[in-house]
1. Please arrange 84, 331 by how many other C-beta atoms lie within 10 Å of their C-beta, fewest to most.
2. Report the extension gain between residue 193 and residue 122 in nm, rounded to one decimal, defined as 0.36 nm multiplied by the number of residues separating them, less their alpha carbon distance.
3. Between residue 106 and residue 348, what is the label-to-label distance in nm when each label sits 7 Å out along the Cα-to-Cβ direction?
4. Quick one: go through the stretch 86-106 and flag any residue whose amide nitrogen is under 20 Å from the point 7 Å out along the Cα-to-Cβ line of residue 338.
5. Taking Cα pairs under 8 Å and at least six residues apart, what relative contact order does the chain come out at, in percent?
6. Could you line up 111, 77 from fewest to most neighbouring Cβ atoms inside 10 Å?
7. Order by neighbour count: 223, 98, fewest other Cβ atoms within 10 Å first, most last.
8. In deg cm²/dmol and to the nearest 500, what is the mean residue ellipticity at 222 nm of the chain if only DSSP H runs of at least 4 residues count, each as -39500 (n - 2.57), divided by the residue total?
């Protein structure tokens with residue numbers, strides 16, 4: 001018979017461990033409590049269409065207060081008056097100044113050598129002198145002709161008077177029987193001829209006077225026209241001395257010294273430093289609200305100057321519109337062309353306006369909705385926005401003061417209605 005281990009077995013009495021029991025009970029209660037607290041979050045997580053980490057988002061709170069619409073940008077100093085000078089006639093150019101030189105109004109900046117133009121002026125001046133002689137000769141001829149016509153008219157008057165006297169004498173003689181009727185009739189014929197001759201002399205004098213006046217006037221007009229030609233050529237010759245139209249500074253030289261240029265070629269530019277303006281680039285979305293005459297501020301070099309919008313370009317380039325501000329008052333002396341300055345233009349200022357920080361949500365949704373965050377869930381909510389500034393946007397409807405919304409990163413939501421925000 002094989003022996004077993006039953007002789008070795010013995011009953012061990014297990015003592016009750018209350019400490020372990022209480023630890024297990026406490027752990028179970030803790031687990032239940034944690035599950036109870038996490039259930040709402042877990043429920044919200046399952047009720048959302050998506051989940052996005054808050055680190056990928058930007059948030060802002062809707063506030064009520066002052067709303068200032070302005071445009072702030074960097075501008076550069078430009079010359080409001082910067083004329084470019086051209087050659088009025090072709091020729092070799094001698095420059096009298098260099099780029100950057102200070103110049104005064106009417107100072108000669110360049111001289112164009114044009115023998116052809118000077119020769120043409122001399123020829124036209126000679127024609128004008130000849131026409132003046134013709135005009136003066138026509139006046140002399142007119143006076144001579146008028147004198148002859150006046151003489152003929154006076155002689156016709158004398159002949160008429162003589163014929164009248166002779167007729168009266170013949171009639172007295174006929175009445176006394178000393179003359180015949182034939183002689184009286186001859187005297188009457190002579191008188192009639194004298195009267196006809198006087199009428200013709202008077203008519204000739206009037207007609208010839210008009211003709212002489214027309215001839216003199218024609219000569220005068222031809223001379224005056226030639227004088228205009230000479231004056232225009234003289235102006236061109238004077239313009240061969242290219243003068244500065246303003247006080248300022250020589251800008252750019254477009255030609256080399258002693259270069260031969262054609263008519264209307266660019267020579268140089270002059271910058272009027274007394275009429276500087278500041279040019280800025282404005283986003284297209286703000287340009288429509290910008291108007292000429294709006295007040296602005298120009299700052300730089302530790303100074304701040306008042307300005308007024310003086311010009312707005314009608315053209316949009318790369319989504320921006322160029323605008324210019326002039327200084328409201330005297331132009332600062334220390335500025336230089338193309339110097340960089342800060343510019344701010346005030347568009348609107350209102351009190352007690354519901355606003356929120358501007359973000360990409362305005363562009364992504366077109367301002368038609370926003371994601372309002374409550375209890376870790378971002379809910380898509382229809383809204384209506386109003387005016388915008390650089391950093392804020394006006395809320396007209398859909399949100400209230402204190403609402404917290406997602407202003408950036410909503411492209412991660414994929415247009416979901418509800419999105420869980422995880423930490």
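Rule-based calculations on the coordinates, nothing more; no lab input. These numbers were taken from a predicted model, which means no experiment stands behind them. Neighbour counts run over all protein chains shown; Cβ positions are idealised from the backbone, glycine included.
1. Starting with the residue having the fewest Cβ neighbours, the order is 84, 331.
2. 19.8 nm
3. Between residue 106 and residue 348, the label points sit 5.3 nm apart.
4. Counting backbone N atoms under 20 Å from the label point, the list is 98-103.
5. This gives 30 percent for the chain.
6. Fewest to most other Cβ atoms nearby, the residues stand as 111, 77.
7. Ranked by crowding around the Cβ, least crowded first: 98, 223.
8. Helix contribution divided over all residues of the chain: -13500 deg cm²/dmol.
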